There are 2 protein chains.
Amino acid sequence: MNGTLTALRVLDVRFPTSRELDGSDAMNADPDYSAAYVILATDRDDGLEGHGLTFTIGRGNEVVVAGIEALRPLLVGQPLAAFTEAPGAFHRQLASGDAQLRWLGPEKGVMQLAVAAVVNALWDLWAKIEGKPLWKLLSDLSPAQLVELVDWRYLTDALTPEEARRSLDRLAPTRAAREGELRELGYPAYTTSVGWLGYPDEKVARRCREALAAGFSRFKLKIGANRADDLRRVALVRREIGEAGVLMVDANQRWDVGQAIEWVSALAPARPLWIEEPTSPDDILGHVAIARALAPLGIGVATGEMISNRVVWKQLLASRAVSFCQLDFCRMSGVNEMVATLLLASRFGVPVCPHAGGVGLCEYVQHASIFDYIAVSGALENRAIEYVDHLHEHFVDPCVIRGGRYQVPTAAGASITMKAESLQAHAFPGGAIWRNGRS
Amino acid sequence: MNGTLTALRVLDVRFPTSRELDGSDAMNADPDYSAAYVILATDRDDGLEGHGLTFTIGRGNEVVVAGIEALRPLLVGQPLAAFTEAPGAFHRQLASGDAQLRWLGPEKGVMQLAVAAVVNALWDLWAKIEGKPLWKLLSDLSPAQLVELVDWRYLTDALTPEEARRSLDRLAPTRAAREGELRELGYPAYTTSVGWLGYPDEKVARRCREALAAGFSRFKLKIGANRADDLRRVALVRREIGEAGVLMVDANQRWDVGQAIEWVSALAPARPLWIEEPTSPDDILGHVAIARALAPLGIGVATGEMISNRVVWKQLLASRAVSFCQLDFCRMSGVNEMVATLLLASRFGVPVCPHAGGVGLCEYVQHASIFDYIAVSGALENRAIEYVDHLHEHFVDPCVIRGGRYQVPTAAGASITMKAESLQAHAFPGGAIWRNGRS
């Protein structure tokens, strides 16, 4: 791979989603979906750029931009081959190799979000150069190459590189069959667009009916602000989606451990598949307690959108704190840490249902789940990718849902390149959307 | 309390400590001790300012500065009484009350470091107005007031406000006696200045002898880079400090779980009191495994300098993952989260030996330990404050060590105000120290 990384541009892009209460939940009443957006350029003749973003919900997006700027010396001037020939080592250098920057985390918070945008832009660039969608680039790597992607530090008490290699080897001969299957049928999705917390009941009911008509069979409802409201809303959704529909509920970290157990137990008659983010994402042992209490009711525990790195995932998975792994493509340090988490989830037999929504997350995580099925877990049972019907129109290659399933992306790259006019209009604070107030 | 917060200044201050290998350890080879430094001004007649800092080790300090700037709207224009009449509610608003900013953590990484600087500046200001050192301001608060300081969210499965209140009530009548004792005798210290990883053996030996002569009886050595070196160095320190001396070792997160157990077991003949930071600070269950394996050897586990918040502390303490709590005054969101952690440590009977060194941490944490003895734990057994002999000359009221003990601070405030000329000379990148290259 020839060429040198010659430039890094960082954009602060924000969408005024708070104006419609789309995305509202028990902890996030008024998010403005935003992205710290990276564009990497090279001196190659093809003129291809790597695009990557990390997702935030508004204020503070500029702090992530500053975090990305701090990574500039690790990027600009590097030969592209330094990444493509040793993507694991390159990722590790970005995520924790500079001890002074590592101090700011380590591997969590603003710097981890910043690393995600950069790492994912590198992968987007590589995939575009190869002329492959990201999932295909990953699925064409050998087991040995996949093992090299992962920072194994702090993982070996749960999974060693050798064990991961053996597991990947077992699935390698049958990758092509699973790829063909997904190209034909797509990957199952669930919808979160039926039940944001700010929606009145009639809107929830209407959106359930619309989603059913569109082919969805799995539906997620935001809860956690008011118990009486929750009881009424889960019953409403259960009525609308029928006994065969799958219902998930999401409290966005609203509760303490005891309160979570009590509150969710009361919702058991509506048969939720999982309670998502019942409490603090830092509370591994709290999740264990909640999972044990709810297991007899048939309710699983899910979390992930605020899990920062593989070390926390290792514990959540090994201790059975979660029965669903909702890894996030930007919260962790990008593709490499995502691969580490898929390997851990497979090791412990926990299905991955990635966190999506926001801006660009649906575009991103489809690559994770498709790659997971082809090369890592080889399984679809209890798996579905979150889908939220916001902001896709800003992307050059938006995700495509048909019959409640993600269609396999075919364009080269990570599907994350935003349209130039969208980047311009939503630039904060200077873009037209923000200069003009209400759009 | 009259007055309004009228201005927030943020300074990027850095010290070129990497030039001497002071502060070098197995993960941090070349730190430049740095601070994102906050000055809060009011419209009060007394002209007092609140000073606060958060500690970093160089690159990326500017990202924390950006994080502090993001908090400006929550501070400037607020009446001072909003803080002094409800310091817990005010802290909670800064640390997690703005959902958009909370997304960047939550309560971890750059934003948590930024909140620490601001919260601690508020406490410094309040203490200066009251004419008391910070420890005294805290020790004069009633049990009910102390309970109000804490964000109880996510804690109640381990400790409730009522339980904390009862514990504080029990010690309240005897606070004055413990205060008198500390004013007379000081608070025990241990020294980390004998054994930075970059020091040659003869320098370690010489510094052990100097520390013994200065009255120290507890000594910490950095290890973790090379096993043969470590075996030689722990034996050397044990010889120098004698059988009665207390030895601690610190690996700065260098190992995986299995490796930590094996490596530290080999050091058992030198009888270390604790192994500090054996592995990732995120690996609660890993610390549990290490603690269980080393307990039969009489070696405890310590960690804390990279523990971000009370939720992680709750788990480390409740699960006996640590036998020493090394809370950090800046890594968490400042005084309030420190009080939460002291209450949790007391609940589980774990001694607190705060993380210090860096720049300003010794000045800060003496207030935590003194307050802990007077009002929270009432105990000194197995407790000592870390001491590192760097950079104290830059503070207006530096900590004072005599006979291996911290002398109780008497000046008003949090002891963290830096000399104006130091702030100016070390401003990055424009200050004289940095403009002139090697100082």
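No value in this document is a laboratory result; all are computed from the given coordinates. This is a predicted model, so every value here is computed, not measured. As a convention, Cβ positions derive from the backbone with ideal geometry for all residues, glycine included, and neighbour counts pool all protein chains shown.
For the reader, a short list of remarks on this structure follows.
- Here the translational diffusion coefficient of region B:262-339 follows from Stokes-Einstein with Rh set to the Kirkwood radius across Cα pairs; for 25 °C and 0.890 mPa s it amounts to 192 µm²/s.
- Residue with peak Gaussian network fluctuation, chain B [Cα springs, cutoff 10 Å], from B:Lys222, B:Lys419, B:Lys136: B:Lys419
- Rounded to 5, percent antiparallel among DSSP beta bridges of the protein assembly as shown: 55 percent
- Projected-area average for region A:2-161 over all orientations - Cα convex hull basis, square nanometres: 11.1 nm²
- Evaluated at q = 0.21 Å⁻¹: base-10 log I(q)/I(0), Debye formula over Cα of region A:187-240: -0.69
- Angle in degrees between helix B:201-213 and the longest Cα principal axis of chain B, rounded to the nearest 10: 60 degrees
- Spin-label model, A:Arg227 to B:Ser142: label points 7 Å out along the Cα-to-beta-carbon direction sit 3.1 nm apart.
- The residues neighbouring A:Ser265, those whose beta-carbon lies less than 15 Å from its own, together hold a net charge of 0 under the Lys/Arg +1, Asp/Glu -1 convention.
- Relative contact order of region A:207-363, defined on C-alpha pairs under 8 angstrom at six or more residues apart (%): 16 percent
- Out of every Cα-Cα pair that region B:39-129 contains, those further apart than 14 angstrom amount to 64 percent.
- Cβ-Cβ distance of A:Ala295 and B:Glu20, R₀ of 35 Å, FRET efficiency by 1/(1 + (r/R0)^6): the value works out to about 0.05.
- 20 Å binning of all Cα-Cα separations within the protein assembly as shown, expressed as whole percents from 0 upward: 15, 49, 31, 5, 0
- Taking every DSSP helix (H) stretch of at least 4 residues in the protein assembly as shown, weighting each as -39,500 (n - 2.57) and dividing the sum by the residue count yields a mean residue ellipticity at 222 nm of -11500 deg cm²/dmol.
- Pairwise centroid distance, computed over Cα atoms, of region A:275-348 with region B:241-300, Å: 28 Å
- Note, ³J(HN,Hα) from phi for region B:88-103, Karplus 6.51, -1.76, 1.60, rounded to Hz, x at Gly and Pro: x, 5, 5, 4, 5, 4, 5, 7, 7, x, 8, 4, 5, 6, 4, 4
- Highest-MSF residue in chain A out of A:Tyr364, A:Tyr154, A:Tyr373 [GNM, Cα springs under 10 Å]: A:Tyr154
- Net charge over other residues, Cβ less than 14 angstrom from the Cβ of B:Arg238 (K, R count +1; D, E count -1): +3
- Cα extents for chain A along the principal axes, largest to smallest and rounded to whole angstrom: 60, 56, 45.
- Translational diffusion coefficient of region B:197-291 (Stokes-Einstein, Kirkwood radius from Cα pairs, 20 °C, 1.002 mPa s): 157 µm²/s.
- Filter on A:Lys128/A:Lys220; A:Lys108/B:Lys128; B:Lys132/B:Lys222; A:Lys220/A:Lys314; A:Lys108/A:Lys220 - keep pairs with C-alpha separation over 29 Å: A:Lys128/A:Lys220; A:Lys108/B:Lys128; B:Lys132/B:Lys222
- Axis proximity, chain B to A: residue whose C-beta lies nearest, plus whole-Å distance: B:Gly109, 1
- Excluding same-chain neighbours fewer than eight residues apart, the aspartates and glutamates reachable from A:Lys136 by a Cα-Cα span under 16 Å are A:Asp124, A:Glu179, A:Glu181, A:Glu184, A:Glu363, A:Asp372, A:Asp397.
- Cβ-based exposure ranking for A:Lys203, B:Lys108, in which fewest neighbours within 10 Å come first: A:Lys203, B:Lys108
- Taking amide H as placed 1.01 Å from N in the peptide plane, A:Val246 has its amide H under 5 Å from the amide H of A:Arg218, A:Phe219, each at least 5 places away in sequence or on another chain.
- For A:Glu85, the point set 7 Å out from Cα toward Cβ sits 6.7 nm from its twins in the other copies, listed from shortest up.
- Computed about the Cα centre, the dipole magnitude for region B:231-275 is approximately 160 debye when only Lys and Arg (+1) and Asp and Glu (-1) carry charge, each at its Cβ.
- Normalising the average separation of contacting C-alpha pairs (under 8 angstrom, six or more residues apart) by the number of residues puts the relative contact order of chain B at 19 percent.
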